[in-house]
Structure formats: structure tokens, C-alpha cells
Amino acid sequence: MQPAAHAPSWYAASANPHAPFPSLEGDRRCDVLVVGAGFTGLSAALHLAERGYDVTVLEANRVGWGASGRNGGQIVTGFNRTVGEIAGWVGREDARKLWDMNEESKALLADRVARHNIDCDLRWGYVLAAMKRRHILDLRGMLAEMETLGYGQARYLNRGEVQRLVACEEYVGGLLDSGSGQLHPLNYALGLAEAARQAGAHIFEGAKVTRLEDGATPTAVTERGRVTADHVILAANAYLDPIHPEADRLARSRIMPVGTYMIATEPLGEERALKLIPGDMAVADINFVLNYYRLSRDRRMLFGGGVAYSAMTPPAMDRRLHRTMARFFPDLKDARIDYCWGGNVAITINRTPHFGRIAPNIYFAQGYSGHGVALTGLAGKLMAEAVAGTAERFDVFSRIPHQPFPGGRLLRMPALVLAMSWYRLRDML
Ligand SMILES: Cc1cc2nc3c(=O)[nH]c(=O)nc-3n(C[C@H](O)[C@H](O)[C@H](O)COP(=O)(O)OP(=O)(O)OC[C@H]3O[C@@H](n4cnc5c(N)ncnc54)[C@H](O)[C@@H]3O)c2cc1C
């Protein structure tokens with residue numbers, strides 16, 4: 001089977017030069033097998049290879065082919081839920097540890113970019129914008145919680161202040177977070193892969209695992225070869241097809257792949273681009289179905305939003321996103337759209353990440369619910385720590401309770417569509 005090419009994104013068009021990785025031919029034996037070469041799998045592989053483990057990574061398509069190579073590139077502080085809500089499920093002590101580890105994930109990302117010299121346009125500064133009075137109350141609540149937790153990098157912006165950073169007249173307030181930021185996600189993934197390769201990891205592309213056999217030494221079966229290992233890390237997130245009954249029961253049933261889409265305009269030129277986002281920061285609004293955007297290095301507007309709950313891209317997604325973008329920035333009404341692409345995010349019912357095991361030596365991390373750019377790095381590291389014998393931090397995450405999506409495999413999608421339609425309606429009101 002030929003690996004699928006990268007999505008037709010601006011990221012693929014501006015990827016740093018990189019050689020393809022080989023395909024798997026024949027059988028291999030190693031310490032740890034990683035399934036999936038997105039941020040999660042690459043981070044685990046890098047960490048393990050640096051610790052001296054013999055690691056094999058099998059990627060069905062290309063490195064960074066999944067969500068990691070196509071996302072909004074926004075590095076976001078915190079989870080999709082408040083620490084207070086999370087404390088209600090796991091207790092205050094674990095909730096505090098989760099917050100601290102989330103903070104660690106951003107530092108880990110910055111450290112890896114610096115240490116491995118990854119050219120991925122990493123920049124800091126982020127605006128979370130409010131469009132309604134209700135949003136302002138939400139932002140104030142978030143800020144109060146951040147302050148209680150000792151986070152000193154965020155502050156409230158009034159209407160005038162937010163509009164000086166982002167020239168969108170719909171914004172009535174905002175939160176400026178200098179601890180959140182942005183990067184070129186595909187170049188970050190390619191940089192992680194190169195760092196893992198240099199540390200000794202063996203990465204194979206076009207190597208889709210079709211079946212996983214568990215046991216003391218699990219074996220992954222691909223079309224042209226098999227890999228046997230002492231430990232397995234499943235890092236296929238929203239793209240995991242059925243490969244093992246327990247992976248279906250314990251992992252796949254608890255996430256829903258949801259399509260989200262992006263467009264990239266033509267290059268706008270420095271002056272025109274910076275008139276739109278004078279602060280040159282990553283921006284998102286606080287709607288439940290949110291819009292997120294930022295300027296690229298070559299001064300295009302990269303604008304994301306729009307969701308779909310089926311495997312098919314909704315028709316005319318480029319025009320739909322263009323209309324939304326032009327509502328925010330009338331100056332972009334006639335801007336040419338050069339790229340439109342989409343990918344799947346994995347959401348969980350409670351919108352917090354889902355870590356666990358399907359066997360004592362088979363780990364998974366998934367369901368970052370739109371907050372995966374930084375958290376995936378830590379997820380990979382925590383699975384690597386667990387493989388190395390210290391699962392304490394991994395288990396703080398694995399104690400977050402997760403339920404399967406109701407309705408089984410057939411009905412869970414209509415149930416989600418109904419729920420999301422309600423939230424979208426609420427956003428519009
Ligand atoms: C359009 C879009 C915008 C987003 N924006 C943001 C954002 O701005 N900020 C943020 O924090 N998050 C964002 N996200 C989410 C974020 O991208 C993900 O949380 C993160 O990339 C998940 O990384 P991962 O490595 O776990 O999974 P992925 O990157 O999806 O990697 C999984 C890999 O596993 C491979 N695979 C699957 N099955 C097999 C198999 N059987 N054998 C071998 N390989 C297999 C796939 O080919 C894929 O490459 C966005 C996602 C999308 C799609």
C-alpha cells in the first residue's frame with residue numbers, strides 16, 4: 001500500500017526539505033514499538049531513543065500526515081475544561097498536578113525546538129477573544145482561576161485593548177496570554193522525527209499496522225512486515241482503525257473523530273497583514289465551535305474553523321470559511337484563497353485527554369480535544385516514562401474518568417451532531 005500524501009495545506013507547501021523514511025520490509029524485533037508518527041508518537045520515540053531504548057516507529061502514511069501536520073499551530077495554555085471542573089472528577093491534588101504538567105508541556109516543546117534546532121517559526125503571544133458579554137464573564141473566570149494557580153502570564157484586555165492587537169470590530173474583550181503561542185506544525189513534526197532518528201529511533205513510513213497481537217511480546221502486523229516488541233505505544237489518535245478488540249473497547253469507543261478545516265489566503269504583504277493582527281499573535285475566539293487564526297511567516301492569513309461530523313469534507317468549505325473570515329476582517333473579502341484543507345481532531349465526552357493501557361505493556365494517549373499541540377509532547381514523554389518503569393505521572397492522567405460515546409458505533413455520531421448543533425446555536429444567540 002502506498003502512503004497517502006500530506007493534505008494539500010500551506011504547511012505541506014512550505015515544509016522544510018526532508019527525505020522520506022523507508023518502508024518496512026520483513027520482520028524486526030525491538031524494545032518499544034510506536035504506532036503513529038504524529039507529535040505523540042514522535043515525542044515518545046525521541047524520549048525513549050534518548051534513554052537508550054531500541055525504538056521502531058510505524059507510520060501508515062508520512063511523518064506528520066495526521067492532525068500534527070495540519071493543525072492551527074496554536075499552543076494553548078490549560079485544558080478544554082477548567083481546573084475546578086477537573087478537580088470535581090479527580091480531586092484537587094490530581095487536578096493541580098494536571099495543570100502543572102500542562103504547563104510543563106509548553107516548556108518541553110520550547111526546549112525541544114531549541115535543543116534540536118527545529119526551524120518551525122515558534123513565537124509566543126496569544127489572544128482569546130470575547131464576542132459577547134457572556135464570553136467576558138467566562139474570560140474573567142478563566143483569568144481568576146489562572147491567578148489562583150499562580151499563572152502570571154495572562155491579563156484581561158478591554159474592548160479598545162483587544163482591538164489594538166486584533167483589528168476585528170466584533171471583539172468586545174479578550175485575554176492576552178504571553179505563555180501561549182504558535183508554530184508551523186508540520187515543520188515541528190519533521191524536526192521531531194529528525195531528532196528521534198538522530199537519537200537512534202527507526203522510523204518507517206507507509207507502514208500501516210493492520211493487526212496487533214498482544215502478549216508478553218506484542219507483535220504488530222503490516223502488509224509487508226511484522227514488528228515484535230516488549231512494549232507498544234499507540235499514538236494514532238483520531239486516525240486509529242480497528243487493530244485490536246481491546247483498543248476498540250477501551251480507546252476508540254471513548255473518542256470521536258471530528259473534522260475541522262483551515263484556509264490560507266494569498267500572501268498579503270507585511271503592511272496589510274499587520275493591519276489585521278497588529279500584535280502578530282495567534283488568535284481564537286471563545287465560541288464553543290471556535291474560529292482560530294494567525295499570520296504565517298510569509299504573511300498569509302491562516303484561518304481555521306468549521307467542523308464536520310462525517311468522514312466527508314462538507315461542500316464548499318473554502319467558501320464557507322472565507323465568508324466567516326471576511327465577517328471578521330472585511331478587508332479579506334476579495335483575498336484569494338490559495339489552500340484549503342482539513343483533518344480530524346479526537347474529542348472525548350468531557351473534553352480532557354484520555355490516557356490508558358489496553359494491556360500491561362500497551363499504552364495509549366489520545367483525545368486531546370483540540371489542545372494537542374503542546375500536550376502531545378508531554379503525553380509521549382509520560383508514556384516513555386511508563387515504559388521505563390515510572391508510570392506515576394502517566395497515571396495521574398489515566399485516572400481522569402472517560403465514558404464511551406453513547407449510542408455505540410452506529411448511533412454515536414447523530415447524538416454528537418445534535419449536541420454540537422445545540423452549542424452552535426448557543427454561540428449564535
Ligand atoms: C485542522 C486542525 C486544527 C487543529 N488546531 C489545533 C491547534 O491550533 N492547537 C492545538 O493544540 N491542537 C490543534 N489540533 C489538534 C492537534 O493537531 C492534535 O491534538 C495533535 O496533532 C494530535 O497528535 P497525535 O500525534 O496524537 O495524532 P496525529 O497527528 O493525528 O497522528 C496519528 C498518526 O497515526 C497514524 N496512524 C493511524 N493508524 C495507524 C496504523 N494503524 N498504523 C500506523 N500508523 C497509523 C496516522 O497516519 C497519523 O499520522 C488541530 C487539529 C486539526 C485537524
Residues (buried (at least 16 other Cβ atoms within 10 Å of the Cβ) and more than 15 Å from the ligand (Cβ to nearest atom)) located in region 299-324: R299, R300, H322
One residue from N102, N117, N61 being within 12 Å of the ligand (Cβ to nearest atom) and either assigned to a loop (DSSP other than H, G, I, E, B) or hydroxyl-bearing (S, T, Y) (or both): N61
Region 9-61: number of residues that are within 24 Å of the chain's Cα centre (by Cα) and either among the basic types (K, R) or within 26 Å of A374 (Cβ to Cβ) (or both): 37
Positions within region 1-57 being out of contact with any helix residue (DSSP H, G or I) (no Cβ under 9 Å at 6 or more places or on another chain) and closer than 14 Å to A220 by Cβ, in sequence order: L24, G26, D27, R28, R29, C30, L33
Which numbered condition D138 misses (of (1) among the charged types (D, E, K, R); (2) within 16 Å of the ligand (Cβ to nearest atom); (3) under 30 Å from R96 (Cα atoms)): (2)
Conditions (1) at positive phi; (2) within 11 Å of the ligand (Cβ to nearest atom); (3) not charged (D, E, K, R); number of the one not met by G215: (2)
Top-ranked residue in region 141-178 [being part of a strand (DSSP E or B) and among the charged types (D, E, K, R); ranked as surrounded by the most Cβ atoms within 10 Å (Cβ to Cβ)]: D177
Boolean, V227 is more than 26 Å from the chain's Cα centre (by Cα) and buried (at least 19 other Cβ atoms within 10 Å of the Cβ): yes
Failed item, numbered, when G215 is tested on (1) in a loop (DSSP other than H, G, I, E, B); (2) small (G, A, S); (3) under 22 Å from the mean Cα position of the chain (by Cα): (3)
From the options G69, G64, residue that is under 20 Å from the mean Cα position of the chain (by Cα), on the phi < 0 side of the Ramachandran plot and not aliphatic (A, V, I, L, M): G69
Selected residue (only one of L302, L375 is farther than 19 Å from F79 by Cα, of a type in the set (A, V, I, L, M) and not in a loop (DSSP other than H, G, I, E, B)): L302
Residues being near the ligand (Cβ under 7 Å from one of its atoms) and assigned to a loop (DSSP other than H, G, I, E, B) - total across region 34-58: 3
Region 66-77 residues that are within 6 Å of the ligand (Cβ to nearest atom), paired with ones that are acidic (D, E) (beta carbon under 9 Å, 6 or more apart): G66/E59; G73/D121; V76/D177
Verdict on R249 being surrounded by fewer than 19 Cβ atoms within 10 Å (Cβ to Cβ), at pLDDT 95 or above and within 26 Å of H354 (Cβ to Cβ): yes
Selection count, region 167-201, where residues are away from the ligand (no atom under 14 Å from the Cβ) and farther than 30 Å from G279 by Cα: 7
Residue in region 158-165 that is within 22 Å of F79 (Cα to Cα), modelled with pLDDT of 95 or more, of a type outside the set (S, T, Y) and more than 16 Å from the ligand (Cβ to nearest atom) present: no
Pairs where the first residue, in region 277-293, is at positive phi and part of a loop (DSSP other than H, G, I, E, B) and the second is small (G, A, S) and at pLDDT 95 or above, C-beta under 8 Å, 6+ apart: D280/G125
In region 322-363, the residues that are without any contact (Cβ under 8 Å) to a residue 40 or more places away in the chain, over 30 Å from D31 (Cβ atoms) and outside any helix (DSSP H, G or I): K333, D334
Filtered residue count, region 221-248, keeping only those that are away from the ligand (no atom under 13 Å from the Cβ), touching a residue at least 60 places away in the same chain (Cβ under 8 Å) and in a helix (DSSP H, G or I): 1
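The values are calculated or read from the model by the stated rules, or taken from the named source; none is laboratory data. All figures in this text were calculated on a predicted structure; none of them were measured in a lab. Cβ coordinates were reconstructed from backbone atoms using ideal geometry, including for glycine residues, and neighbour counts include every protein chain displayed.
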